[in-house]
Amino acid sequence: MNGMENPLFLAADIGGTRARLLLGRAHAEGWHVLRRQEMTCAAHADVEALIEAFLGMGEDEERPVVACLAVAGALEGQRIRMTNLPWEADGKRLRGRFDFSRVLLINDFAVQAHGLACLDDDGIFSLHPGEPDEEGVRALIGPGTGLGMAVLSGALRHPLVFPSQGGLADFAPRDARELALFEALLAEHGRVSIETLLSGRGIERLYRFVAQPEALLAKDAAGIWAAALAGDGIAIETMRLFARILVAAAANLGLTVLARGGVYLTGGIVPRILPFLRAPELIEVFRDHPSMGAVLARIPLYAVRDELLGLKGAAQIATRLARGES
């Protein structure tokens with residue numbers, strides 16, 4: 001690798017709103033951070049401009065020789081069209097543009113699966129212990145700008161990962177109130193995906209639904225969960241409803257892939273709303289199924305508090321690229 005024993009790598013986790021980038025150095029025991037930066041995607045024209053801005057921020061004599069970029073979107077070969085930004089990323093073009101010897105593009109939720117091996121006790125919280133099977137399938141679901149999902153199997157250090165666009169699957173109401181919510185959104189959107197509700201914009205939609213018929217000032221998602229934590233009644237009810245829908249979606253995902261290794265709630269929203277996810281009644285929401293309740297009772301449910309999960313996963317992969325591994 002250019003004759004370097006401990007080469008530099010670039011790792012990035014690029015979402016619909018924010019991007020986290022890391023310049024690291026690979027070594028025999030793993031990797032360490034040289035520089036890390038969080039950047040706003042809207043401030044840059046495209047992925048190339050984002051990377052150029054990050055690499056230009058430091059005065060590093062060496063430049064990264066490999067890169068792993070986690071991008072929010074569907075992967076086709078080594079090209080990704082982002083789901084919630086008008087951006088495209090092309091691995092071949094990036095390799096030539098920045099003189100990388102190897103570049104790997106990966107779905108942003110697939111890369112989070114690679115980051116699970118980096119979690120410590122402070123980075124994860126057990127919502128429902130279940131009966132975890134260490135060799136069982138695991139699944140991730142996480143609300144942010146959109147709703148991501150991924151599935152993995154095998155050892156956490158070298159998992160077999162399957163990306164997903166399951167967040168765009170149709171939302172299924174579970175009771176009369178959710179049916180009323182579904183009908184209101186159907187009239188507005190023509191179709192209601194799970195992501196319509198389980199995302200930052202989804203929190204805003206739920207708030208408007210809960211607030212009716214009161215006339216309230218518009219709040220964004222961050223303002224709503226901040227108001228809920230401060231004791232605002234309508235915001236509290238909004239976040240309770242959001243948490244119920246999220247946990248129900250996690251249960252459905254757990255059944256879909258029989259995630260006996262556990263279902264992980266991830267993404268930037270989850271750490272901020274943990275008090276609502278810890279509500280005891282949500283355990284029953286997770287296990288509530290007329291014929292599969294016993295199966296769900298054995299599936300663990302975790303909340304990931306480490307917001308750098310995706311970036312750490314990208315760094316794990318970039319380290320292997322830097323070592324010349326497949």
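Observations
- Across the chain, Cα pairs under 8 Å and at least six residues apart give a relative contact order of 24 percent.
- Between Ala226 and Ala172, the contour length at 0.36 nm per residue exceeds the Cα-Cα span by 16.7 nm.
- Taking the protein heavy atoms of the range 180-307 in the context of the full set of protein chains, the accessible area attributed to carbon and sulfur is 53 percent at 1.4 Å.
- Estimated 222 nm signal from helices in the chain, with DSSP H stretches of n ≥ 4 weighted -39500 (n - 2.57), rounded to 500: -11000 deg cm²/dmol
- Here the extension length gained between His158 and Glu183 equals 4.7 nm, from 0.36 nm per residue of separation less the Cα-Cα distance.
- Model label zone, Glu134; criterion: amide N under 17 Å from point 7 Å along Cα-to-beta-carbon; scope the range 283-306: 300
- Correct option for mean projected area of the Cα convex hull in nm² [calculated from the coordinates] among (1) 19.8; (2) 17.4; (3) 18.4: (2)
- Candidates Asp121, Asp99, Asp46: whichever shows maximal mean-square fluctuation once the chain is modelled as a Gaussian network with Cα springs under 10 Å: Asp121
- Surface share of carbon and sulfur [accessible, 1.4 angstrom probe, percent] for the range 15-155: 46 percent
- Extension gain from His289 to His32, taking 0.36 nm per residue of separation minus the Cα-Cα distance: 88.0 nm
- Pairwise centroid distance, computed over Cα atoms, of the range 181-206 with the range 8-82, Å: 32 Å
- Mean accessible surface per residue for the chain, computed with a 1.4 Å probe while every protein chain stays in place, in Å²: 46 Å²
The values are calculated or read from the model by the stated rules, or taken from the named source; none is laboratory data. If you're wondering where the values come from, they're calculated on a predicted model, not measured in any experiment. Here Cβ is always computed from backbone atoms with ideal geometry, including for glycine, and neighbour counts include all displayed protein chains. In case anyone asks, the SASA skips ligands and DNA or RNA and just uses the protein heavy atoms, side chains included. Shrake-Rupley method; radii C 1.70, N 1.55, O 1.52, S 1.80 Å.
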